[in-house]
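One structure is given here, and the rest of the page talks about it.
Computed from the coordinates by the stated procedures, all read-outs in this text should not be read as laboratory data. All values reported here derive from a predicted model rather than from experimental measurement. Quick reminder, even Gly has a Cβ in these numbers, built from the backbone with ideal geometry, and neighbours come from all protein chains shown.
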């Protein structure tokens with residue numbers, strides 16, 4: 001999911017585990033994160049992953065959280081800007 005109002009890139013624990021990523025890759029963080037309903041979310045850590053889209057590849061810092069989601073990741077503003085992307089809700 002691309003969410004232009006998100007200030008962070010999020011990967012959910014289930015996706016992290018399904019990708020076979022190593023827990024030792026997680027870096028600790030004390031950064032606060034708040035859900036859509038303004039409740040505070042506990043972060044398990046930060047992991048850097050190489051993300052490729054179109055002809056561009058970037059190292060992206062994802063915060064890892066343990067909660068249910070219909071999505072694997074949420075890509076935020078920083079990634080959208082790095083891709084020189086323009087979000088549009090016309091066809092949603």
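Once you sort the root eigenvalues of the Cα gyration tensor of the chain as a ≥ b ≥ c, which label holds: rounded (a/c under 1.5), prolate (a/b larger than b/c) or oblate (the other case)?
oblate
Can you work out the FRET efficiency for the pair residue 71 and residue 24, with r the C-beta to C-beta distance and R0 = 25 Å, to the nearest 0.05?
Efficiency, from the Cβ-Cβ distance: 0.50.
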